[in-house]
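Chemist: A single structure is presented below for examination.
The values are calculated or read from the model by the stated rules, or taken from the named source; none is laboratory data. What you see is a predicted model; the values in this text were computed from it and never measured. In this analysis, Cβ positions are derived from the backbone assuming ideal geometry, glycine residues included, and neighbour counts consider all displayed protein chains.
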Amino acid sequence: MKSEVRIAHRVSQIPKSAIHEMTRLSRDVEDVAFLSWAKPTSGTPEHIGNAAIAAIKDGLVGGYSENAGLVRLREAIVRKLRRDNHIDANVSQLIVTVGAIEGLAAAIMAIIDPGDEVLMFPPTYSTHIRQVTMASGTPVLVPTIEEEGFALDFDAIRKAITAKTKAIVCCSPNNPTGTVYSEGELRQLAEIALEHDLMIITDEAYEYFVFDGLTHFSLASIPELRKHVISCYTFTKTYAMTGWRVGYLHADEELIPQITKAHIPFAICAPVVSQHAALAALEGPQDCITEFREHYLSTRNLMCERLDKLDSVFAYQKPRGSYLMFPRILLEEGRDSTAFCIRLLKEGKVSTTPGVAFGPSGQRHLRLSFCVPANVINTAFDRMEEFYRHRT
């Protein structure tokens with residue numbers, strides 16, 4: 001008698017990752033212009049790699065670190081949080097994680113019970129939605145206002161809160177839209193959380209990549225919110241260290257032991273070699289961040305210029321942060337963003353990400369990444385202009 005493979009519902013209900021599916025499909029297409037990866041192509045700064053090599057040669061990376069991470073690294077993170085985020089942190093409030101993504105997963109697992117509702121503001125990073133589902137929680141999607149630059153809809157947020165609402169997940173600068181929520185907006189969100197006794201989990205992966213005179217604001221800098229916010233950061237975006245898989249989480253001392261209970265079965269500790277690299281990133285020269293930001297600003301502007309020439313195909317809100325943007329597809333075939341992106345890949349040789357991956361309101365959109373060289377953007381848009389020449 002043949003037995004069936006039994007898969008947990010919390011996993012089986014999750015769709016395939018559209019981002020990784022587009023990567024898989026791209027392998028079958030020659031000479032693809034990639035605008036689908038949120039992965040810097042600049043490479044990790046040399047001094048960071050050299051520090052990792054030195055740590056290996058000195059025999060410092062063969063064993064586990066403390067679950068919370070190397071003390072010296074956490075001390076450097078404390079200085080960074082005080083300097084750049086205006087957060088009065090200490091080492092007992094930190095866990096070094098496997099990228100921001102593991103910190104987010106550990107935070108959600110630590111505070112969400114089955115049936116708890118978690119508010120999110122789509123379009124938003126698809127992994128946030130999946131993490132809540134994996135914790136047997138219920139994602140409650142409160143769409144942002146696209147016409148206002150994907151702004152938060154506070155009336156809708158208040159209406160969405162029920163007796164089951166436990167937490168809010170907030171991503172700023174936003175993936176995929178590039179929206180940067182202002183200090184005023186985030187303080188308003190904080191007031192709602194305090195009023196309803198909700199936790200806020202933040203994804204601040206793109207904190208340093210903010211443009212047009214805007215500034216990044218961290219909710220954990222609000223003293224009254226201290227016991228209500230868990231903040232997740234990463235080295236992977238800031239220092240072009242995506243493959244190193246290292247980030248960190250900040251929360252109140254009372255929360256850290258509980259989050260650690262989730263962190264240990266997920267990871268035990270972050271890769272020790274990557275922790276030494278992260279320490280070098282924080283203690284070394286910071287001009288690489290400025291160089292990355294200037295490059296992303298230049299490529300953002302280039303992508304906007306190229307989109308302007310395709311105004312019969314796409315409309316867009318200019319991103320104010322991150323290195324991502326989220327144009328609306330104006331063509332009738334854009335009703336199915338997945339089919340649209342697959343056709344563009346196979347026939348136009350341009351890889352993009354379907355907008356529906358970032359929540360239902362992402363349908364009729366696609367995500368484009370501008371953390372690539374200018375020639376890649378120009379190649380991709382040259383191909384798109386040719387591809388859509390006879391379709392509009």
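Chemist: Please count how many residues of segment 310-334 are in a helix (DSSP H, G or I) and within 25 Å of the chain's Cα centre (by Cα).
Modeler: Taking segment 310-334 first, the residues in a helix (DSSP H, G or I) are 332-334.
Then drop every residue that is not within 25 Å of the chain's Cα centre (by Cα), which leaves 334.
Total meeting the criteria: 1.
Chemist: If P257 meets every condition in (1) of a type outside the set (D, E, K, R); (2) out of contact with any helix residue (DSSP H, G or I) (no Cβ under 9 Å at 6 or more places or on another chain); (3) outside the structural domain of I111 (by TED's automatic domain parsing) apart from one, which number is that one?
Modeler: (3)
Chemist: For segment 336-372, give me each residue that is surrounded by fewer than 22 Cβ atoms within 10 Å (Cβ to Cβ) and either touching a Pro at 6+ places or on another chain (Cβ under 6 Å) or in a loop (DSSP other than H, G, I, E, B) (or both).
Modeler: Within segment 336-372, D336, T338, K349, S361, Q363, R364 meet the criteria.
Chemist: Hey, another quick one. Given the conditions (1) exposed (fewer than 10 other Cβ atoms within 10 Å of the Cβ); (2) within 17 Å of V273 (Cα to Cα); (3) touching a residue at least 24 places away in the same chain (Cβ under 8 Å), report the number of the one that S65 does not fulfil.
Modeler: Among (1) exposed (fewer than 10 other Cβ atoms within 10 Å of the Cβ); (2) within 17 Å of V273 (Cα to Cα); (3) touching a residue at least 24 places away in the same chain (Cβ under 8 Å), S65 violates only (1).
Chemist: Here is a further query. Taking the options L368, L307, name whichever one is aliphatic (A, V, I, L, M), over 30 Å from I77 (Cβ atoms), within 21 Å of the chain's Cα centre (by Cα) and not assigned by TED's automatic domain parsing to the domain that holds D203.
Modeler: After ruling out the rest, the residue left standing is L368.
Chemist: Hey, any hits in segment 267-277 for a residue that's farther than 25 Å from R79 by Cβ and of a type outside the set (V, I, T)?
Modeler: No - not one qualifying residue is present in segment 267-277.
Chemist: Whether any residue in segment 87-102 is touching a strand residue (DSSP E or B) at 6+ places or on another chain (Cβ under 7 Å) and modelled with pLDDT under 95 is what I want to check.
Modeler: Going residue by residue through segment 87-102, those that are touching a strand residue (DSSP E or B) at 6+ places or on another chain (Cβ under 7 Å) are 87, 89, 93-97, 99-100.
Next, only the ones that are modelled with pLDDT under 95 stay: none.
There is no residue in segment 87-102 that is touching a strand residue (DSSP E or B) at 6+ places or on another chain (Cβ under 7 Å) and modelled with pLDDT under 95.
Chemist: Answer yes or no as to whether A270 is assigned by TED's automatic domain parsing to the domain that holds V132, part of a loop (DSSP other than H, G, I, E, B) and crowded, with 19+ Cβ neighbours inside 10 Å. Steps first, answer last, please.
Modeler: Values: assigned by TED's automatic domain parsing to the domain that holds V132: yes; part of a loop (DSSP other than H, G, I, E, B): yes; crowded, with 19+ Cβ neighbours inside 10 Å: yes.
For A270, the condition - assigned by TED's automatic domain parsing to the domain that holds V132, part of a loop (DSSP other than H, G, I, E, B) and crowded, with 19+ Cβ neighbours inside 10 Å - is met.
Chemist: Further, regarding this structure: Could you please find all residues in segment 134-148 being touching a Pro at 6+ places or on another chain (Cβ under 9 Å) and either among the aliphatic types (A, V, I, L, M) or over 16 Å from T165 (Cβ atoms) (or both)?
Modeler: Passing the criteria: A135, L141, V142, P143, T144, E146.
Chemist: Tell me, which residue of segment 246-267 that is among the β-branched types (V, I, T) and within 23 Å of L225 (Cβ to Cβ) is surrounded by the fewest Cβ atoms within 10 Å (Cβ to Cβ)?
Modeler: That would be T260.
Chemist: If D212 satisfies every condition in (1) closer than 19 Å to L186 by Cα; (2) assigned to a helix (DSSP H, G or I) but one, which is the exception?
Modeler: Every listed condition holds for D212 apart from (2).
Chemist: Among residues belonging to segment 152-171 that are out of contact with any Ser or Thr (no Cβ under 8 Å at 6 or more places or on another chain) and of a type in the set (D, E, K, R), point out the one that is farthest from S218 (Cα to Cα).
Modeler: So the residue we want is K159.
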